[in-house]
Structure formats: C-alpha cells, structure tokens
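Colleague: For reference, the structure I am asking about is given below.
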Amino acid sequence: MNETLRRPRAAKPMFEGAEWDFALMQEVYDAVKDIALNDLGLDVFPNQIEVISAEQMLDAYSSVGMPLMYSHWSFGKRFVRDEMLYRKGYQALAYEIVINSNPCISYYMEENSMAMQTLVLAHAAFGHNHFFKNNYLFQQWTDPNGILDYLEFSKRYVSECEEKYGQEAVESVLDAAHALQNQSVFRYRRANKLKLSEYEARRRTRLANEEASYSDLWRTVPNLSKSKEPTPAELEAAERSLRHRLPEENLLYFLEKSSPILQPWQRELLRIVRNVSQYFYPQRQTKLMNEGCATFVHYHIVNQMYDRGLISEGALLEILHSHSNVVYQTGFDNPHHSGMNPYALGFAMMQDIQRICVAPTPEDREWFPQLAGHEDWRGALREIWANYRDESFVRQFLSPHLIRKFKLFVLTDKASESEYAIDAIHDAEGYRRVRNALADSYDVAARDPDIQIVDVDLLGDRKLILKHRRRNRVPLAEGDRDKVMRHVKRLWGYDAILQEEDAG
Amino acid sequence: MPQFIDRRLNPRDKSLGNRMRFLKRTRARIKEAVDKAVRERTIGDAAKGGSVSIPTDGINEPMFHDADSGGDRSRVLPGNKEFVSGDRLDKPKGGQGGRGRQGAQDGDGEDAFTFALSEEEFLDLLFEDLELPDLIKASLKDAKLAEPRRAGYSADGLIPNLNVLRTMRHSLSRRLALRRPSRSEIERLETRLAEIAEAPETEALKEEELRLRVELKRAKHLQRSIPFIDPIDVRYNRFTRVVVPRAKAVMFCLMDVSASMGEREKDLAKRFFILLHLFLKRKYERVDIVFIRHTHEAKEVDEHEFFYGRETGGTVVSTALEAMAEIRDKRYSPAEWNVYCAEASDGDNSGGDTERCVELLNEAILPTTQYFAYIEIADRDISSHWSGGDSKELWRGYADLAEAAPNFAMRKVSNPADIYPVFRELFARQREKGTP
C-alpha cells in the first residue's frame, strides 16, 4: 500500500461540536469501518452498539462487565464502592465496555461527546473486536456465540436454586467457589482421548519400535531401578492418582467431579463459576496486547479520519487529549504509580513494531531481522495480534528502543538479603534481562500461585491433599490462605490440607 | 451493518438486588457504623444518607495469593533516573512498607470499606427492627388550620378573583346564541357598500345596495343592543375554607444535665429526640428545635452544648418548664405553631419542686401543647420500660397527670432497644385516650 497516496480531503468534517445522535453515529461508524477494514485489514464480529447512561455503566461495572450475571452479594459490594467513588469524583467511568461475544456488544456512555464516541467506536467496536475474533487464546478457549446464552442460563439457574434451597445456601457455595476461581481454569488443552482402535495401533507401533531397536547390550547395564522397587503404598498412590487423574490444577473441576458431599445443584454452581473463570482467562493473559491493539487501532483510525478531512481539528485535539491521558506512564517514584500501564506499554509496543517495519535502525535489524523493513506493517501487526499473548509478546517484541524510552530497570528483592539490588537497567547488558523479567511478570500462570490437588484417598480418611509449589520461595499470604482452605473443606466435606514445597 | 440500540431508557437499578444482598450480609456491621454516625451528627441531619465505613473482615473475598514479603522476587519498574546495574538500596524499615498496598487494588485491603447509603437505607438501619412509624396521623388530629382552597366558580365575588377565561367563554356562547354580528361581518358589509358606490350604477347593484344597507343597519343595532360582556357572563373564582394540617412545628428538647446524667443517659435521650424530630419532619414543612437544659437553673443552648456541655448543680425541673413557656410565648405563638415537647431526665428532682412542675404543666403548658412526652432514663438493669418498682420523685408526680391529660405521656427507657417501642406506645396511647 502506498503511504503517500492520500485521498482528497473531504470538503467538510462529518461533525462539529459535541452533540451526537444515532444517525450521526451511523455515519461515523461507516467511516471508521471503512478505514478499519480497508486500510488496516481488520476482521471483526458484527457489532452491536448500545448507548447507556452513567448509572447503567455502574451496573455493568459491578457485574464484571457482563450484560447479565447471576446475583451475588460481592457484585453489590463492587457496586456500592464504584458508586461512591464515582459520585464523589474520585474515579471517572470508562468510556466504553466491550464484550467478547458474537455479535460483539459494546456499551457507550451517553455523556461522551461525538469526538469521544468516534474514539471509542474505533477502540472497542474495531480494535477490541478484532482482537477477540482473531487472537488464538480467544479462539481456543472462549465461545463468543454461546456466552450470553450461557450467562442467561446461569443467572436463571442460580435464582432457581435460591428459590429452592434458600439464598444463604446458594451464597455459601458461590462464596467458596469464588475463592477458588483463579485456581480453576484449564491452562493447557487436554489431549483428546484416543479411540480404542487408535490406542491399539499406537501400542503396536511402540512394540514394533522396541523390537526394532532391541539391543542385547542393554542387558549388561546394571539395572538401577531394581534397587528402588516401589512399595505397596507407593503403588497404591500411583493407582489412585491414575484413577482420579491427579494431580489436578483445576480445583473446582476436581471438587465438582469428585467431592463426596455435594448435591447435584451445588456441583452445577461450581461448574458455572469455573466456566465464567475460564471465559475470562484469555482476557487476563492478554490485557496488555488487547489494550495495545485497540489503542493502536483507534489512534491510527482517527488520524486517518483527520487526514481525510472527516473530523475537524478540534475533534482530533479532544481525542488526542484523552488518548494521551490514557497512555500516560507514571514513573516508579511517582506517588500515583501502580505498575506498568497496559495502555501505555501496549500502545508503545504496537507503534514500535510499525516503526521497525517502516524505518528500522541498525539495532532493530539486529534484534528483529524478521520485522525490520517488513513491507507490510499492517500484516505484521495482525499476525502478532493473532498469535501471541502478553508474556510471549513482550519476550519477543520489546525492543531496546522502548526499554530506553521507558527507562525500565529490574529490582530484585531477596528475603535473605537486607537490601534491594538493581539487577539490570536499560543498557546493552540489561536489555535481555529486563525483557525476560517483564515478560515473566505478564505470565498469568506464573503470577497465580501454583496449587494442585495431588492426592486423595476416597477409601481411607478422605483427606484431600493440595500442594502449593512456591516459586522462588515466595509464600502464600497466610490469612487468606487459611480462609480459602476453609472454603475448600466445606466443599470437600472432609479434611483438606495444603502442603507447601519449593519448586525446583 | 451495526446495530445501534438505545438502552438509556431501560430499567435502572439493575444492581439493586446485589446491593440489597450486600447490605443484608453486612447489616450488623453497617448498623454499628450507622449508630456511630448518628452519635456524631446533629439531630437536624441525623437522618441524611451518607458514607459509612465498615471493617473489611466478613466481606473480603479471600483468594490464594502471594504474601507481600518473603522469597525472592524481581520487579520491572519504569522511570529509572540514577540507578546503574549492581546498585543496592536499603529496604524500607518494617519489611516491605513500600509495597503494602499491593493487594488493595480491589478495595479489599486492610483499610475500612467505605461506601454511601441512601437516606432510606440509612433510616431503615437506624430504626432497624423498629418498623418505621405510621402513627403520627392520630396524634396530629388537632394540629389543623383552616386555609382557603379553590372550589369552583361563583357568579358573584370580588373583582380581583375574576376568572377571565370562564367569563369570556360564557360571553362567547351567549353572543353566538343571540347571533351578535362580529366586527368582521360589519366590515365586510361596509367594504361591499363602498365597492358598489364606486362602481357604475346598474339595476342589480342598486337592489343589492339597498339590501346591504338594511342588513348593515340591523347588524349595527344588534351589536349595540347585545353587549360584548354581560353581567350574567361574569364568573369569579370561589374559595372555601379547608382544614389542613399546620405547616410549622417547634420541638422543645428539655434535658436534665446534672451530674447524674452520664454519657449513656444522654445518648438514650438523644435517640429519642432524633426519633421525634424525624416524625415531625415528615409531617411539617418546617420544624424548629429548641434545646433547653437545666440543672437548678435552665438555659437555652445550641445542640452541641446541649449534649456535650458540662455543668454541675442541683436539679430543679420546673426551671426548664418555665423557660420553655417563656420561649414559646415569645417566639412560638401556639396559634401558629404546633408545639411539641420532649423531656428527658433521670427522674431526680429537688423536694417540693415536682408539685410546681405539675402545676406549670397543667396551667401553662399542656393546654397549648400538641404533645408532651416525658421519658425517664432508668438504670441499665431495668429491662422493662413499664412503670413499676420504686419510682422516682418526678415519675410519681407526673403519674396522675398522665392519667388526666390526653396529650401527656411518660415512659421509662433503659437501653437503646427500648426507644422505639416506647415511642410507639407514647403515641398509641394517645390514640386510645383520644375521642373514640
């Protein structure tokens, strides 16, 4: 595509002033869509665009952004907090909320000016929408066609249970399930179960392979394993773990399938909670990319619109003002600092990739030979959006240029030492270490404590044994750990213990 | 093709159910916070909603997460200014102070959880298990005032009350019925006549002119003889006297502040005053509060002084009653104001003064007072608020009065839970005593 080829500027911008109406939104939508599909080459779900009031936005906030959700007091708690923060002016509301569904539903605040509506249309209806539809995690793990129906079902189911068994009984199960929801996702796809015939075929190949590679020489090697004959107890444990498919990392899944005391409706509640948790798991893994993608898309689109004369300079300035607020990164020593801003870093990385494609420096050529001078930066970005998550994205594409720009450094804190150490800064030796450390911090699987169910003897005392593998000897917060374990015991019905072990 | 949907008119308060659940779950905690808030507020705005803070235990949602300290960890931070690789920094004192708020992003930190309650929720909690009262009507029976209200139209009245619209409507229908020619009709005849006068004379025109002249004369005659507005058209707004509740009330709070009234006693009294004030607030447009405290002499004070001021001295109750009557006569004429009076005391009085009190009440106060409520703050261990056992000086003196006067009531209160039942009884009793 020829960068210098510009369409003639439209005679008149599409809107002046802040007022918007649906006809105008439609016109702007069409203009945004033209750029999104024909210039950036995005591929999106059909859009369903809903305009809501501030109060409704608060409602949506409290039910984790979903348009419908089962009832639970914790959502009420979120609501009263957000409401107070909003009313007292501590916290502004989001301009939009977008839901990974098909059609892709996005909510827009009625207070937004037309310029802001343009921004959020580009951001949510095209940026996020494209990401939801194309990223591999969402494709593998979520079902955008079914999510709303499923939530509708769960809402109805929970309220039916409340009628039948009482609000308290239902809430106590949900409380326990919520406590475990972060440990209740499947992180890896399970291998498909083999059909019997396939299994037989595989066994035969293996046998044939063994026969073909048989060598009498092996007989002469002293058999080490013989000295470690498994004890009966070990054998039994092995048999148990095979039967219950242990170890199991999805706690609610295990409890739902194997708890000796739960009623069918309670199992169904656990299932609902873990399904919702699983639905959000890709979002937790791609926060940085998702926002980076959407921010990049809106930035590109509004600039294109301005170049084509579709929006006025005033509107562009208003949009850029809020854009730059969103992508502001505070320094670590700023009192308002709360970690890396996913909008800032995500947007910067997307822009950086565009820059590397279009105008690479020698350094870029060395670090990113596959990107530097790429003739189609749009295609390169689309491919990245489709095939990475935050952790792999940072590990692969954070450039020295950006590390310098953000002045990143690594601070290590060892319990055994009385001082913090600066491990790496933005210099030639430090780039890779900074990049790896940052990528690690985006690895959700490594951020959530690694807790698995390792053993249970259903014929014996039925004690459930969980194991926490401490990474880098970082312990669990004790107060919450004990409270969560009480929930586990309640769902399991018998004793449950948590063993801690340092990961090797 | 995108679908635009306007959801703004959808029902609001989708989260109301969850909000109620949350409040229910934390009711006990919130109640404590509300009670505390009430103690800190003035009576006038005790019932306003507002933010309350409750401790987070019981509403936190535990999850497995890493502890704030321990183990080895590394963090990537932006905005390096001066560090170079290999630098070492002192850890903040007291472990990891700099990172203490890590877990608090969701508001679930150690800090109290703060949120806002609406006025209704606030009242609900304040009078929890008290069912908000619905008995004011009975007690307000005589708090009435006749007020002119519009009541249709009449044929006579004062000019300022003339109802122009109605009058004109009558006038129009009368003119139509009597076929009074309108001005435009006469104008039409006159222009036509002028046209004829200018046109060349013909037989037909001459005949028409004659006919028109007759018609015009008749029309002018009719216009003169049928008036535009006739006295029978005129209507006036009619007013009638309607009895409505009076809009202003004054509430006298009388309290004994001698040394025997401690923190607990004052707190109980305050709750009672708050309740009464809420009642009156709902009924009247304007409620004034007058605080009079007394030891051996009475004094009008502001609210803060009333509840928190320190004063010592003997106990002469009649001084307060005198002060009240005086203020009422000076500022709150019973003709205009509904007078309510609530007296709280521990029941002690100096010898001989009680008779004086009864006399004052009988003669100067009760006749012009809507309601006089006396509560005696009893010792903590008296569980029943009903009279009984050995009564104190003031109680004995008032007992007869309560029998005789319909607008005088008295009760004993020993703990906060008593306040509302006592309140209800005070008003319920009057209904029984009142005219059947």
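Colleague: Could you pull out every residue, at least 5 positions away or on a different chain, whose amide H is within less than 5 Å of the one on residue B:288? Hs are placed 1.01 Å off N in the peptide plane, and Pro or chain starts have none.
Modeller: Here B:249, B:250, B:251 satisfy the definition.
Colleague: Can you list residues whose amide H is under 5 Å from residue B:239's amide H, if they're 5+ apart or on another chain and H is modeled 1.01 Å from N?
Modeller: Here the answer is B:151, since their amide H atoms fall under 5 Å of that of residue B:239.
Colleague: Whole-Hz Karplus ³J(HN,Hα) for region A:243-257, in order, using 6.51 cos²θ - 1.76 cosθ + 1.60 and θ = phi - 60°, x for Gly and Pro?
Modeller: Here the 3J(HN,Hα) series is 5, 8, 6, 9, x, 10, 8, 8, 5, 5, 4, 5, 5, 4, 7 Hz.
Colleague: What is the Cα centroid distance between region A:430-502 and region A:147-192, reported in whole angstrom?
Modeller: Going from one Cα centre to the other spans 21 Å.
Colleague: In angstroms, what radius of gyration and Dmax does region A:279-357 have, counting Cα atoms only?
Modeller: Over region A:279-357's Cα set, Rg and Dmax evaluate to 14.5, 42 Å.
Colleague: Just the number please: accessible area per residue for the protein assembly as shown, 1.4 Å probe, all protein chains included, in Å². Write down the numbers at each step before the final one.
Modeller: Values: 47690 Å² over 940 residues.
I get 51 Å² per residue for the protein assembly as shown.
Colleague: Also: If you put +1 on each Lys and Arg Cβ and -1 on each Asp and Glu Cβ, how big is the dipole of region A:356-446 around its Cα centre, in Debye rounded to 20?
Modeller: The calculated dipole for region A:356-446 is roughly 240 debye.
Colleague: Another question about this same structure. Each label point is 7 Å from the Cα along the Cα-to-Cβ direction; what then is the distance between the points at residue A:168 and residue A:472, in nm?
Modeller: Output for this residue pair reads 4.5 nm.
Colleague: Viscosity 1.002 mPa s, temperature 20 °C: Stokes-Einstein D of the protein assembly as shown from its Kirkwood Cα radius, in µm² per second?
Modeller: On the way: Rh = 36.4 Å.
Translational diffusion coefficient: 59 µm²/s.
Colleague: Assigning unit charges at the beta carbon (Lys, Arg +1; Asp, Glu -1) and nothing else, what dipole magnitude in debye, to the nearest 20, does region A:418-464 show about its Cα centre?
Modeller: Dipole size: approximately 140 debye.
Colleague: At a Förster distance of 35 Å, what's the computed FRET efficiency of residue B:177 paired with residue B:203, Cβ-Cβ distance as r, to 0.05?
Modeller: Once the sixth-power term is evaluated, E becomes 0.35.
Colleague: Of the accessible area of region A:304-355, with the probe set at 1.4 angstrom, what percent is carbon plus sulfur? Show your work: numbers first, answer last.
Modeller: Details: 1210 of 2240 Å².
Taking all protein chains in place, region A:304-355 shows 54 percent carbon and sulfur surface.
Colleague: Once fully extended, how much extra length lies between residue A:416 and residue A:446, figured as 0.36 nm per residue of separation less the alpha-carbon to alpha-carbon distance?
Modeller: The residue A:416-residue A:446 span can extend by a further 8.6 nm.
Colleague: I need the semi-axes of the equivalent ellipsoid of chain A: take the C-alpha gyration tensor, multiply each eigenvalue by 5, square-root it, list largest first in whole angstrom.
Modeller: Over the Cα atoms of chain A, the ellipsoid semi-axes are 45, 32, 24 Å.
Colleague: A follow-up question, please. Within 10 Å of each Cβ in A:58-64, how many Cβ atoms from other chains are there, averaged over the peptide? Don't skip to the answer; put the middle values down first.
Modeller: Details: counts 3, 7, 3, 1, 5, 3, 0.
Going residue by residue through A:58-64 and averaging, the value is 3.
Colleague: Sticking with this structure for a sec: Quick one: which residues, 5+ away or cross-chain, put their amide H under 5 Å from the amide H of residue B:414? H built at 1.01 Å from N.
Modeller: B:378
Colleague: May I ask for the percentage of alpha-carbon pairs in region B:188-239 that lie more than 16 Å from each other?
Modeller: 57
Colleague: Moving on to the next point. Describe numerically, in nm with one decimal, the distance between label points set 7 Å from Cα along Cα→Cβ at residue A:156 and at residue A:261.
Modeller: 3.2
Colleague: Round to the nearest 0.05 the FRET efficiency obtained for residue A:461 and residue B:118 when R0 = 51 Å and r is the Cβ-Cβ distance.
Modeller: According to the calculation, E is roughly 0.50.
Colleague: Another question about this same structure. Can you give the FRET efficiency to the nearest 0.05 for residue A:201 and residue B:53, using r as the Cβ-Cβ distance and R₀ = 56 Å?
Modeller: The computed FRET efficiency comes out at 0.25.
Colleague: When only alpha-carbon atoms count, how far does region B:154-238 stretch along each of its three principal axes, as whole angstroms with the largest first?
Modeller: Principal extents (largest minus smallest coordinate, Cα): 61, 16, 15 Å.
Colleague: Which value, in debye to the nearest 20, gives the size of the charge dipole of chain A about its Cα centre, when Lys and Arg are +1 and Asp and Glu are -1 at the Cβ?
Modeller: With Lys and Arg at +1 and Asp and Glu at -1, about 1340 debye.
Colleague: Which whole-Hz couplings ³J(HN,Hα) result when phi for each residue of region A:311-324 is put into the Karplus expression 6.51 cos²θ - 1.76 cosθ + 1.60, θ = phi - 60°, listed in order with x for Gly and Pro?
Modeller: Karplus values, whole Hz, x for Gly and Pro: 10, 7, 5, x, 5, 4, 5, 4, 5, 5, 4, 6, 4, 6.
Colleague: Another question about this same structure. Once you sort the root eigenvalues of the Cα gyration tensor of region A:48-146 as a ≥ b ≥ c, which label holds: rounded (a/c under 1.5), prolate (a/b larger than b/c) or oblate (the other case)?
Modeller: Oblate shape, in that a/c is at least 1.5 and b/c is the bigger or equal ratio.
Colleague: Once label points are set 7 Å from the Cα along Cα→Cβ at both residue B:215 and residue A:111, what is their separation, rounded to one decimal in nm?
Modeller: 7.0
Colleague: Next question, about the same structure. Report the semi-axes of the equivalent ellipsoid for region A:356-446 in whole Å, largest first, where each axis is √(5λ) for an eigenvalue λ of the Cα gyration tensor.
Modeller: Three semi-axes, in Å: 29, 17, 8.
Colleague: Which one, A:384, B:159, B:367, is farthest towards the positive end of the dipole of the protein assembly as shown when Lys and Arg carry +1 and Asp and Glu -1 on their Cβ?
Modeller: B:159
Colleague: Note the buried accessible area between B and A here, summed over both chains, with a 1.4 Å probe, in Å² to the nearest 100.
Modeller: What B and A bury together is about 7300 Å².
Colleague: What value does region A:375-504 have for Rg/Rh, both radii from Cα atoms and Rh as Kirkwood defines it?
Modeller: 1.14
The values are calculated or read from the model by the stated rules, or taken from the named source; none is laboratory data. It should be emphasised that the depicted structure is a prediction, and the values quoted were computed from it without experimental measurement. We place every Cβ from the backbone using ideal geometry, glycine too, and count neighbours over all the protein chains shown. Note: areas computed on protein heavy atoms with side chains; ligands, DNA, RNA excluded. Shrake-Rupley method; radii C 1.70, N 1.55, O 1.52, S 1.80 Å.
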